[in-house]
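In what follows, a single structure is set out as structure tokens and then discussed.
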Amino acid sequence: MSLDLHIKSKTPILKHGTGVYVREDGRNRELESLSEVRKYFPDADISHIKEFDYETDDMWHGNITHNMTEMADHVPISDLTLYDYLWRPEEHGFKIATIDYMNGVYEGLSYLKSHKSELLQYEPEVDPETGKRWGDYNLLVRFCASLINCLMELDFSKKYKIVSSV
């Protein structure tokens with residue numbers, strides 16, 4: 001299970017991709033080029049896969065494993081937590097991207113970075129079969145930083161919608 005968080009535009013945006021998605025390190029993402037598809041699927045026949053431009057209303061889309069909810073819930077942002085901002089924004093009045101929302105996520109990221117050692121205890125356990133974690137501290141940091149980078153580019157007067165699906 002995972003969180004899909006979107007910042008949606010009222011007008012379509014042109015994006016580039018392949019339509020091929022991979023799950024890696026606790027997140028799903030679209031492969032952007034045929035060379036990337038070949039890297040992940042070296043023995044597959046990819047002759048039917050093409051790079052293409054497409055329109056979407058997603059200004060930004062992030063995906064992160066639910067395994068990071070406990071860590072996010074231990075990151076305070078005033079009376080809320082980073083979990084509230086990312087997994088439950090609509091329930092806390094964040095239906096539209098605003099400077100207040102951006103500042104809250106930034107405050108959460110700052111807390112993550114300044115309290116790393118105490119937050120590491122909330123990382124998911126290592127899977128004994130694969131020897132890997134399904135999500136980690138760095139994944140949550142990158143997720144928040146990517147979201148903030150998008151928010152910093154927005155003209156908030158255009159009212160971009162926040163959509164969180166779990």
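The values are calculated or read from the model by the stated rules, or taken from the named source; none is laboratory data. Only a predicted model underlies this, so the values are computations on that prediction, with no experimental measurement involved. Positions of Cβ are generated from backbone atoms using ideal geometry, with glycine treated the same way; all protein chains shown enter the neighbour counts. Only protein heavy atoms, including side chains, enter the accessible area calculation; ligands, DNA and RNA are left aside. Shrake-Rupley method; radii C 1.70, N 1.55, O 1.52, S 1.80 Å.
For this structure, a couple of remarks:
Listed here are the residues, each with its yes/no results for (1) more than 16 Å from the chain's Cα centre (by Cα); (2) under 27 Å from Trp134 (Cβ atoms); (3) at pLDDT 95 or above.
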residue	(1), (2), (3)
His6	no, yes, yes
Tyr21	no, yes, no
Asp25	no, yes, no
Glu30	no, yes, no
Ala44	yes, yes, no
Ser47	yes, no, no
Ala72	no, yes, yes
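- Count of residues meeting criterion [in a strand (DSSP E or B) and either among the hydroxyl-bearing types (Ser, Thr, Tyr) or crowded, with 17+ Cβ neighbours inside 10 Å (or both)] in the stretch 115-138: 1
- The stretch 46-114 holds helices (runs of 4 or more DSSP H) entirely within its bounds, and those carrying 3 or more residues that are open to solvent by 60 Å² or more (accessible area, probe 1.4 Å) map to 99-114.
- Residue match in the stretch 49-62 (condition: closer than 22 Å to Pro124 by Cα and touching a residue at least 40 places away in the same chain (Cβ under 8 Å)): yes
- Residue ID - farthest from Glu123 (Cα to Cα), chosen from residues in the stretch 13-40 that are open to solvent by 80 Å² or more (accessible area, probe 1.4 Å) and without any contact (Cβ under 8 Å) to a residue 24 or more places away in the chain: Arg38
- Residue list for the stretch 139-153, restricted to those being surrounded by 12 or more Cβ atoms within 10 Å (Cβ to Cβ), touching a helix residue (DSSP H, G or I) at 6+ places or on another chain (Cβ under 8 Å) and of a type outside the set (Val, Ile, Thr): Leu139, Leu140, Phe143, Cys144, Ala145, Leu147, Leu151
- Residue in the stretch 123-153 that is nearest to Asp73 (Cα to Cα), counting only those that are modelled with pLDDT of 95 or more and among the aliphatic types (A, V, I, L, M): Leu140
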